[in-house]
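The values are calculated or read from the model by the stated rules, or taken from the named source; none is laboratory data. All values derive from a computational prediction rather than experimental measurement. Methodologically, a virtual Cβ is constructed for each residue, glycine included, from the backbone with ideal geometry; neighbour enumeration extends over all protein chains shown.
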Amino acid sequence: MHLLFILFLGWLVSFLGQLPLGTMSMTATQIAVQENFAHAWKYAIGVALIEIIYLRLTLSGVNWILSHELFFLILGWLTVIMFLVLGIYSLISARKQDPGKKAFLLENKMDRFLLGLSMSAFNPAQIPFWFIWSSYLMELHILAKTTEEFNFFTVGCGAGTITGLALYMYGGNWLITKMNVSTRKMNVLMGIIFIIASLAQLYRMIFTKVVI
């Protein structure tokens, strides 16, 4: 019974973490609207897989992360640059948007599973999120430092991530269709979200002592 609670707890924390509007969730919505739900599900699974890996590394202990601090430092700065470039390009694309074209991020033949993997990998912000939550739950003795509980918590996290993205896929598709939102407006929104994400990551890189 306790393991089911740990599974649910992982699901709940991850699901709630997906609710705020962000680059991952909006991309899931764009894929669902402009392509199909099958591609959106492949994208969501890719995102969840990387998040599971990051979470498992966090649960395994901060020693591994600290010993690879340079890697996460480089990844963090690359994220700042990548999100800023994507944000600016989104806004530029919105001005020149052909009504019949997809959002610029989807104007490629990359498998949507790989797109989810790559976008999630370049989102190290999830590391401090899971570091804080896992440490908090372990300090409260809710999450025990055992492989079994870590595994159930991780599986719950993956399910929560996919559930949260599914909410954006189906709910976002319904809302955008009902409001008849144009691709141009979606590009503008994505541009704004990418720039905000870039500035948030820049803040973390400058004002936090550790990358995680």
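Out of F113, F72, F131, report the one residue that is among the aromatic types (F, W, Y) and either outside any helix (DSSP H, G or I) or modelled with pLDDT under 75 (or both).
It is F72.
Identify, from the list S120, S198, the residue that is surrounded by 21 or more Cβ atoms within 10 Å (Cβ to Cβ) and under 24 Å from G10 (Cα atoms).
Of S120, S198, the one residue that is surrounded by 21 or more Cβ atoms within 10 Å (Cβ to Cβ) and under 24 Å from G10 (Cα atoms) is S120.
Restricting attention to the stretch 4-28, which residues are modelled with pLDDT under 90 and over 11 Å from the mean Cα position of the chain (by Cα)?
L16
Cβ-Cβ below 7 Å, separation at least six or inter-chain, first residue in the stretch 12-39 and within 19 Å of I50 (Cβ to Cβ), second surrounded by fewer than 20 Cβ atoms within 10 Å (Cβ to Cβ) and among the aromatic types (F, W, Y): which pairs?
G17/F129
If A48 meets every condition in (1) at pLDDT below 80; (2) more than 16 Å from L106 (Cβ to Cβ); (3) buried (at least 17 other Cβ atoms within 10 Å of the Cβ) apart from one, which number is that one?
Of (1) at pLDDT below 80; (2) more than 16 Å from L106 (Cβ to Cβ); (3) buried (at least 17 other Cβ atoms within 10 Å of the Cβ), only one is false for A48: (1).
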